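Some notes on the structure that comes next.
The values are calculated or read from the model by the stated rules, or taken from the named source; none is laboratory data. On a predicted model such as this, the values are computed, not experimentally measured, just so you know. Because the Cβ atoms are built from the backbone with ideal geometry, glycine has one as well, and the counts that use them run over all protein chains shown. Remember, those area values only see protein heavy atoms, side chains included, never the ligands or the DNA or RNA. Shrake-Rupley method; radii C 1.70, N 1.55, O 1.52, S 1.80 Å.
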Amino acid sequence: MSRILVWIVLGLALLWAAGNANIGLDKLPGAGPRLAEFLGRMMPPDLSVWPEVLTGLAETLRIAILGTLFAIVLSAGLAVLASETLVPATIWRPVRALLAAIRSIPLILVAMLMVGAVGLGPLPGILAITFHATGMLAKFYAEAIDNVGTAPLAALESAGASRAQLLRWAIWPQMAPVVLRDTVFRFELNLRESLILGIVGAGGIGLHVQTYVRSFQYDKAATVTLAIISLVLLFEGFNTVLQKRFS
């Protein structure tokens, strides 16, 4: 009965979304020529700006790496406090509510707040990525802790192991592959999100995108696009190798 109810709710939601979205499908026929004209202005890419684009790309990569690193450190502590296995409900419930609240705040809004707090540059981007990624990683890490097998835990508890020993010898060996997968996934997401933070002044290559598009220098914007695609494909290949190595 519950499955039928779920499918009914999903069906009603789809009908509601399709019936009240005012999508404006009548605009599609004229979109093709306008898109072709816009792409035509981007060709050929202006490679003379490649050095400054690489500088912006390197700054974006630094923002993603440092933001992810700081998020990992914060998430490790918060995950313990958010774990049903390690702490009582009076602790993990409020912590999980806090993590949900962090995830609910749009990254671009966090970046704007950080720019207002510390000024322009890569620092607000790093802080924004750290804040936003912590809400997700801490939740993932806590779930990894709660999903480990209970047999090793019971064996160590019967031997009088402390909570720290339980985490090190019974929980961590089981959750390590999941933590690696989730961390790599979040880094990839951080990298993609860092690409647009420059639009609000939080450093990175997004500033170049904003500058070139607003000044109608679409050939230079095309160069930025090629650089972004290259970086994403490079990390995609690295991610594939990493997954095969630890799978």
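Under 12 Å from the Cβ of A176, count the other residues' Cβ atoms, weight Lys and Arg +1, Asp and Glu -1, and hand me the total. With Lys, Arg at +1 and Asp, Glu at -1, the net is +1. Computed extension gain for T240 through R163, at 0.36 nm per residue and net of the alpha carbon distance, reaches 24.2 nm. 3J(HN,Hα) couplings calculated from phi for region 207-216 with the Karplus curve 6.51 cos²θ - 1.76 cosθ + 1.60 (θ = phi - 60°) are, in sequence order, 4, 5, 4, 4, 5, 5, 5, 5, 9, 6 Hz; Gly and Pro show x.
With every protein chain in place and a 1.4 angstrom probe, the accessible-area ranking of F216, F131, F238, largest first, reads F216, F238, F131.
Compute the relative contact order of the chain as a whole-number percentage, counting only Cα pairs closer than 8 Å that sit 6 or more residues apart in sequence. The value is 28 percent.
On full extension, the segment bounded by R3 and W16 gains 2.7 nm, given 0.36 nm per residue less the C-alpha separation.
Coupling constants for region 163-180 follow from the phi torsions by the Karplus curve (6.51 cos²θ - 1.76 cosθ + 1.60, θ = phi - 60°), and in residue order they are 5, 5, 5, 4, 5, 6, 9, 10, 8, 4, x, 7, 8, 4, x, 5, 4, 4 Hz; glycine and proline get x.
Per-atom-type breakdown for region 95-247 gives carbon and sulfur 70% of the accessible area (1.4 Å probe, protein chains only). Averaged over its residues, the chain has an accessible area of 59 Å² per residue, based on protein heavy atoms and a 1.4 Å probe. Compute the Cα gyration tensor for region 27-89, then decide on rounded, prolate or oblate, letting a ≥ b ≥ c be the square roots of its eigenvalues: rounded whenever a/c is under 1.5, prolate when a/b is larger than b/c in the other cases, and oblate in all that remain. Oblate is the answer for region 27-89, as a/c is 1.5 or above yet b/c matches or exceeds a/b.
Classified by the C-alpha gyration tensor, region 96-169 has a prolate form. Its axis ratio a/c, with a ≥ b ≥ c, is 1.5 or above, and a/b is larger than b/c.
In terms of its alpha-carbon gyration tensor, region 155-247 comes out oblate; a/c meets the 1.5 threshold, while b/c is at least as large as a/b. Stretched out straight at 0.36 nm per residue, the stretch from F185 to L120 would grow longer than its current Cα-Cα span by 20.7 nm. In terms of overall dimensions, the C-alpha atoms belonging to the chain reach 71, 50, 40 Å along their principal axes, ordered largest to smallest.
Of the listed residues R186, R62, R3, the order by accessible area with a 1.4 Å probe, largest first, is R3, R62, R186.
Largest to smallest in accessible area, the residues M112, M136 fall in the order M112, M136 (1.4 Å probe, all protein chains included).
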